[in-house]
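Structure first, then comments.
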Amino acid sequence: MSTALDSIDAILFSLSRAFTSPFAVFVQIQGCTICLLLAIGWFLAEYVRNREVKRIKNSMKAGNSLAFLYQDINELEHSRQVKLPRVSVVMPLKGFGEHNLHNWRSQITSLYGGPLEFLFVVESTEDPAYHAVSRLLSMYQDDVEAKVVVAGLSTTCSQKIHNQLIGVEKMHKDSKYVLFLDDDVRLHPGTIGALTTEMEKNPEIFIQTGYPLDLPSGTLGSYCIYEYHMPCSMGFATGGRTFFLWGGCMMMHADDFRQDRYGVVSGLRDGGYSDDMTLASLAGAHKRLITSPPVAVFPHPLASDLSFGRYWNYLRKQTFVLESYISKVNWIMNKALFAVHCYLSWGFIAPYVMAVIHITSALRIYIKGYQHEDTSFASGGMLLVIMLAVCTFIELLSMWNLTRREVQLCNMLSPEAPRLSLATYNWGLIFVAMLVDNFLYPISAFRSHFSQSINWSGIRYHLKDGKIFKIERRKDMGPAKTDLGGKHLYGKKGAPQKASFLSSLGRNLAHWRQPKKFDV
């Protein structure tokens, strides 16, 4: 036993000594740099959100009790409200879950003063969302202009894009703007008005967008989702121009779709997989403006039963997006993002692996009482560990500060809603989620690259040259719930049969080897 422990100690000490070499020190300093860069990004994002919080507070102190709706209370005058443009809100639906009714109510009860219509678009009447949203709209039929549209099955693009385009076809002929929303977005009363105001101020805006504030449910999977989204959040907290686009909230000119300007319709319809990546690529190609106003941050409650497996499915879909493209330039940009993200993810993880070795070695030295001259490398290793710990603390503190500010802003923008709180956030799990998510991202990205197919809500899409060329629908092998919202995808009649764990594992292994012949 003693010999075995001595052998383990020798290996630990060799690794710890190797991890103090110049190259290993560079890797660990690089990890610390990544932590600090993330902290700086979140600090700047918090500054933008806090500026909006202060503006609302100052406006309320000046007598504008409705500052969460309009900066200028005079905008609420009837003479101005009647001049507001018509807006069509298009929401592609899929399945029904625990948060949908709350989210839908927040959307249709908007306090926008102009003409407003809502189009809830489903694939078929068999979708559980069809009956749920129909019952909700029947309760508001005298107060809200809304209808449910059955889009049918997609054949040339993703089902979500197909539903969006059918919604655009059915929108009112006088609509000036179209707002695409995911059905898991919880709007603020003044969101539509704020987005429309910005579009009216600057007609050069091509798309206005926003970003979700994830509300983890307590599971590791939900914290991994939160951690995955947080680095992206700084790209949306600019208070204006951005290069990022989130498909959950996109306001655009309706005429861009009626006239297929910049190829928005054809680009989405002809093989489009991701709505936001496609439109962002078109915006870049045609030098069009994307903006994200500071008030466009939305509470996004995650499912209470969000398992780690559903997080993995979601990550797979996110990395698969980089395999779709509409042009050579777009392909180059995606591959560059693929390489940089993978490098930074594992560059972030490596120092923590080295830190574990340093700490373990130092503990063994302390327990066994080895001579100092034989273990001088340990002090250098522990110095690197302390440096990493300090940088990690700064990073988590900055993440906490931004989340705190966005929670405060959401509470101010929706004073009638239940108060959000940071008290439920588990920062220990968030740290674990940081390590898990960054470790798994490159694995998922490479898996997506070599498979060229993905299962999205029971539909398998196959890509060729960056576009969808084949769509397979097999309920018996599809998931029963969506990943984030935990929405049931099928009614009792259309529910897939349950399979054993071993048979499910067998299908996954088979699909890994021959991705074009199996559906999981």
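The values are calculated or read from the model by the stated rules, or taken from the named source; none is laboratory data. Owing to the predicted nature of the structure, the values given are computational and were not obtained by experimental measurement. When we count neighbours, we look across all protein chains shown, and the Cβ atoms used for this are built from the backbone with ideal geometry, even at glycine. Accessible surface areas use protein heavy atoms only, side chains included; no ligands, DNA or RNA. Shrake-Rupley method; radii C 1.70, N 1.55, O 1.52, S 1.80 Å.
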Of (1) open to solvent by 30 Å² or more (accessible area, probe 1.4 Å); (2) closer than 30 Å to residue 160 by Cα; (3) modelled with pLDDT under 90, residue 449 fails just (3)
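Search segment 319-334 for residues being more than 20 Å from the chain's Cα centre (by Cα) and without any contact (Cβ under 8 Å) to a residue 60 or more places away in the chain, and hand back the single one that is nearest to residue 31 (Cα to Cα).
Out of the qualifying residues, it is 332.
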Per the filter on segment 133-176, residues within 24 Å of the chain's Cα centre (by Cα) and among the hydroxyl-bearing types (Ser, Thr, Tyr) are 154, 158
Which one is nearest to residue 208 (Cα to Cα) among residues in segment 261-270 that are open to solvent by 60 Å² or more (accessible area, probe 1.4 Å) and either out of contact with any Lys or Arg (no Cβ under 8 Å at 6 or more places or on another chain) or without any contact (Cβ under 8 Å) to a residue 24 or more places away in the chain (or both)?
-> 261
Provide a single number: the residues in segment 393-439 that are touching a helix residue (DSSP H, G or I) at 6+ places or on another chain (Cβ under 6 Å) and hydroxyl-bearing (Ser, Thr, Tyr).
-> 1
Go through segment 96-113 and give me each residue that's in contact with a helix residue (DSSP H, G or I) (Cβ under 8 Å, 6 or more places away or on another chain), closer than 14 Å to residue 192 by Cβ, touching a residue at least 60 places away in the same chain (Cβ under 8 Å) and of a type outside the set (Ser, Thr, Tyr).
-> 111, 113
So which helices (runs of 4 or more DSSP H) are wholly in segment 1-82 and hold at least 1 residues that are at pLDDT 85 or above and under 30 Å from residue 381 (Cα atoms)?
-> 22-61
Take the residues of segment 30-56 that are in contact (Cβ under 8 Å) with a residue 60 or more places away in the chain and open to solvent by 70 Å² or more (accessible area, probe 1.4 Å): which is nearest to residue 392 (Cα to Cα)?
-> 40
Looking at segment 114-147, which of its residues are aromatic (Phe, Trp, Tyr), touching a helix residue (DSSP H, G or I) at 6+ places or on another chain (Cβ under 7 Å) and open to solvent by 30 Å² or more (accessible area, probe 1.4 Å)?
-> 140
Residues (farther than 17 Å from residue 184 by Cβ, in contact with a Leu (Cβ under 8 Å, 6 or more places away or on another chain) and assigned to a loop (DSSP other than H, G, I, E, B)) located in segment 91-145 = 111, 112, 113, 114, 115, 124, 144
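Between 169, 117, 123, 145, which is touching a residue at least 40 places away in the same chain (Cβ under 8 Å), farther than 24 Å from residue 320 by Cβ and either of a type in the set (Asp, Glu) or out of contact with any Cys (no Cβ under 8 Å at 6 or more places or on another chain) (or both)?
Within the list 169, 117, 123, 145, the selection yields 117.
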Can you tell me which of 251, 234 is of a type in the set (A, V, I, L, M), open to solvent by 30 Å² or more (accessible area, probe 1.4 Å) and in contact with a helix residue (DSSP H, G or I) (Cβ under 8 Å, 6 or more places away or on another chain)?
-> 234
